[in-house]
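As structure tokens, the structure follows; a few thoughts come after it.
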Amino acid sequence: MASPILTVWDTSSGKDVFRRLVRDVFDNTKRDALMESEKLYKMKTSDKLFERGMRMAGMPYGNYVVESGKVPLYDPKFGGTLDWYQNEYGMGFRVSWMMKKTNQWDLVKGWTTSLRMKLDETKDVELARLFNSPTASVSRGGREINVGYDTFVLGYAAHTCLDDTPSTYSNLGSADLSLAALTAGELYFDTLKDDQGAIFFVNTKGMVLYHHPALKVRITELNRSTGKPWEISNTMNFWEGRFEPYTYRRLSSTTAWGLAAVGDQRYDIKCFTLAEPDILTKDASDNSLDTIVLGHQAFS
């Protein structure tokens, strides 16, 4: 006579955590959130559906005036407006009454904690898109999120100024990290043009040199060698201690790096936050005794 077989755990569905058979649960997603974007963004709060910025330029160079001649009059340049629309992001989970009553590991609390962490990291991942795709259009809700006042993407070889010419400039470097590439970056900041086409400069001393983790050793050699790295000579290393290295782990390319003037008020990439991550726990609305846990936030 055959006897029925009782299966006391079900490893395919994870329901074995309902019984007293599992001694320990290994979950390496229980960790602190990895938040890196605040180093490269200017974080601002907002209570508006969208934020609007306006671009304009002051006066150009003056012109020679003959004796008793009229002083020429100029109009400041107006470069239009740019709107940053808020985008909503959310996620959640649902648990049954039976699951809440019988699981021994307080999984609902653990998953709620995990939900909050993932909401934080969702923001960090979204903000990293601009640095991972600086030459491509990135959009949310049908709106591009990585274009500036000139309608071009973040990294572009011919950004336009507002002067009559108009002047253009490239903030896009294509070289792998090297002494020559850093020199090119220094030259870029030394020969910048404002929106009237006038030359000015931004001191690179102390700028953030962000990079993929694969470049950590090379960055250290460049930034900390007293002599010129990778050669035997008495040539000083101009780059020693010049930059603040920053390992940006969310960069997808192993050769990705850049210089960011994060301390200069004229240059910034903004993030406007309408709502920080919020967790809502509620009963299901379908006459069951299930519980729904929802997480939500909004930023631009």
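The values are calculated or read from the model by the stated rules, or taken from the named source; none is laboratory data. Note that this is a predicted model, so its numbers are computed, not measured. We place every Cβ from the backbone using ideal geometry, glycine too, and count neighbours over all the protein chains shown.
In the set S133, S114, only one residue is surrounded by fewer than 16 Cβ atoms within 10 Å (Cβ to Cβ), of a type in the set (S, T, Y) and closer than 26 Å to Q86 by Cα; that residue is S133.
For every residue, the table says whether it meets (1) under 30 Å from V208 (Cβ atoms); (2) touching a residue at least 12 places away in the same chain (Cβ under 8 Å); (3) out of contact with any strand residue (DSSP E or B) (no Cβ under 7 Å at 6 or more places or on another chain).
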| position | (1), (2), (3) |
| --- | --- |
| D83 | yes, yes, no |
| G90 | no, yes, no |
| Q104 | no, yes, yes |
| A158 | yes, yes, no |
| A175 | yes, no, yes |
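Report yes if some residue within the stretch 125-138 is closer than 26 Å to S300 by Cβ, among the charged types (D, E, K, R) and touching a strand residue (DSSP E or B) at 6+ places or on another chain (Cβ under 8 Å); otherwise report no. So that I can check it myself, show each step before the final result.
If we filter the stretch 125-138 for residues that are closer than 26 Å to S300 by Cβ, which is where we start, we get 125-138.
With among the charged types (D, E, K, R) added as a condition, the list becomes 126, 129.
When the remaining residues are screened for being touching a strand residue (DSSP E or B) at 6+ places or on another chain (Cβ under 8 Å), the result is 126.
Looking through the stretch 125-138, at least one residue is closer than 26 Å to S300 by Cβ, among the charged types (D, E, K, R) and touching a strand residue (DSSP E or B) at 6+ places or on another chain (Cβ under 8 Å).
Answer yes if at least one residue in the stretch 177-199 is loosely packed, with under 13 Cβ neighbours inside 10 Å, among the aliphatic types (A, V, I, L, M) and outside any helix (DSSP H, G or I), and no otherwise. Among the residues of the stretch 177-199, at least one is loosely packed, with under 13 Cβ neighbours inside 10 Å, among the aliphatic types (A, V, I, L, M) and outside any helix (DSSP H, G or I), which makes the answer yes. Name the residue that is farthest from L222 (Cα to Cα), counting only residues in the stretch 254-300 that are in a loop (DSSP other than H, G, I, E, B), among the hydroxyl-bearing types (S, T, Y) and modelled with pLDDT of 95 or more. The extreme case among them is T254.
Scanning the stretch 270-285 for residues that are loosely packed, with under 14 Cβ neighbours inside 10 Å and either without any contact (Cβ under 8 Å) to a residue 40 or more places away in the chain or under 16 Å from I145 (Cα atoms) (or both) gives K270, E276, D278, L280, K282, D283, S285. In the set (1) assigned to a loop (DSSP other than H, G, I, E, B); (2) at pLDDT 90 or above; (3) among the small types (G, A, S), G79 fails one condition alone, (1). Residue-level check: of (1) in contact (Cβ under 8 Å) with a residue 24 or more places away in the chain; (2) touching a Ser or Thr at 6+ places or on another chain (Cβ under 8 Å), E240 misses just (1).
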